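Notes follow the structure.
Any read-out appearing in this document is the output of simple, stated calculations on the displayed coordinates, not a laboratory observation. What you see is a predicted model, and the numbers here were worked out from it, not measured in a lab. Heads up, the Cβs are rebuilt from the backbone with ideal geometry, glycines too, and the neighbour counts pull from every protein chain shown.
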Amino acid sequence: MSPAPPFCSMVALNMAMFVMLLAVAAAQALQFDVASIRKNPTGGARVSIDTPPGRFQATNTPLRFLIRWSYRIPEPRIVNGPDWIAVDRFDVTATAPAEGWNGERTRQMVRTLLASRFGLAAHTETR
């Protein structure tokens with residue numbers, strides 16, 4: 001077998017570095033230290049979200065509302081998804097260090113939580 005041309009070696013090295021960067025980026029995704037998501041059995045209509053430093057609390061909140069809140073998008077821009085995301089209600093309690101706590105970081109952590117717990121996959125497109 002002849003040795004691989006230098007170009008092939010560079011491509012392989014670049015691919016390996018890219019995979020390593022993806023792994024590091026995934027590990028650095030903002031996430032809560034601890035999170036609990038439970039279905040809310042009350043059947044009430046009142047929804048609340050509270051974000052004091054180091055804590056995120058959503059009460060009686062549909063998944064659709066959490067998506068809107070975390071991505072800062074209007075209701076009509078959420079398309080597809082099962083019907084239950086607008087009907088089933090959840091209580092979410094999550095904590096993270098209060099240091100560096102701000103609204104955008106909180107929203108990013110909620111997006112990470114939705115992806116890990118509900119398998120949410122989101123993308124943007126022009127319509």
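Coordinate range of the alpha-carbon atoms in the range 31-118 per principal axis, descending: 37, 28, 22 Å. Loop-located GluC sites (Glu not before Pro) in the range 55-127 (DSSP state other than H, G, I, E, B) with a sparse environment of at most 10 neighbouring Cβ atoms within 10 Å: Glu99, Glu125. Annotation for the range 27-81: trypsin sites (Lys or Arg not before Pro) lying in DSSP loop with at most 10 further Cβ atoms inside 10 Å of their Cβ are Arg46, Arg72.
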